[in-house]
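A short worksheet on the structure shown next.
The values are calculated or read from the model by the stated rules, or taken from the named source; none is laboratory data. Fair warning: this is a prediction, and the values are worked out from it, not measured in the lab. Using ideal geometry, Cβ is built from the backbone for each residue, glycine included, and neighbour counts are taken over all protein chains shown. For accessibility, only protein heavy atoms count, side chains too; no ligands or nucleic acids. Shrake-Rupley method; radii C 1.70, N 1.55, O 1.52, S 1.80 Å.
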Amino acid sequence: PGGERLWYSLRDLLISNFIQTNSVMYRWRFQNGLPGWFAPTLIPGDWYWHLLHAESGKIAYLRKPMSAYRRHAASLYARAEKDHVAHRHEHGLNELHTYSVCNAHFHNRYYKDFSRLARGVFADFVQDYLKTKDDGLLQEGIAAAPDFAKDFLSLLTEQRMKLPLSGKNT
């Protein structure tokens with residue numbers, strides 16, 4: 001958790017997005033414009049920016065309150081707190097895309113971390129499938145992030161769990 005020490009690293013951000021967006025300050029590193037691979041659909045967007053800026057150096061954590069955060073029902077993550085499976089149904093493919101883009105940007109240096117995060121998305125896709133009996137979202141996820149999907153499905157195989165999928169992308 002943030003605030004336990006003064007300095008943090010990119011690796012710490014891969015474990016937890018402990019930086020509140022409303023109080024972050026960056027030394028902007030994209031003086032010549034945003035990278036060509038940037039897309040506004042990458043989520044979680046704040047975490048993505050934190051990672052890109054943390055690549056340049058350490059992160060300082062100021063322990064004093066810098067702003068007030070007001071939660072409201074229309075915010076992107078309000079639904080995630082109530083029903084993470086429904087949230088992932090709506091935003092999970094974009095999350096997988098973000099993990100893939102970040103993994104490519106960091107040249108696989110943090111592959112295990114991004115794969116671990118992607119497993120959470122795939123697990124929620126499985127929960128969605130179990131509720132709806134429609135494996136379309138899971139199949140789209142497999143097609144969108146095949147390496148992360150392979151890791152997830154390997155983990156299921158290791159634990160002797162089976163998914164009754166349509167077989168399109170398995």
Legend entry - Pairs, first basic (Lys, Arg) in the stretch 10-37, second open to solvent by 50 Å² or more (accessible area, probe 1.4 Å), C-beta under 6 Å, six or more apart: 29/56
Inset, instruction - Go through the residues of the stretch 49-62 one by one and say whether even a single one is in a loop (DSSP other than H, G, I, E, B), touching a Gly at 6+ places or on another chain (Cβ under 8 Å) and at pLDDT 80 or above. - result: yes
Inset, instruction - Scan the stretch 90-108 and report the pairs whose first residue is among the aromatic types (Phe, Trp, Tyr) and whose second residue is buried (at least 18 other Cβ atoms within 10 Å of the Cβ), with Cβ atoms within less than 6 Å and a gap of 6+ or a chain change. - result: 99/114; 99/117; 99/118
Legend entry - Identity of the residue in the stretch 103-157, of a type in the set (Phe, Trp, Tyr) and not in a helix (DSSP H, G or I), that ends up most open to solvent (accessible area, probe 1.4 Å): 110
Legend entry - Count of residues meeting criterion [within 15 Å of residue 100 (Cβ to Cβ) and either open to solvent by less than 40 Å² (accessible area, probe 1.4 Å) or of a type in the set (A, V, I, L, M, F, W, C) (or both)] in the stretch 29-44: 7
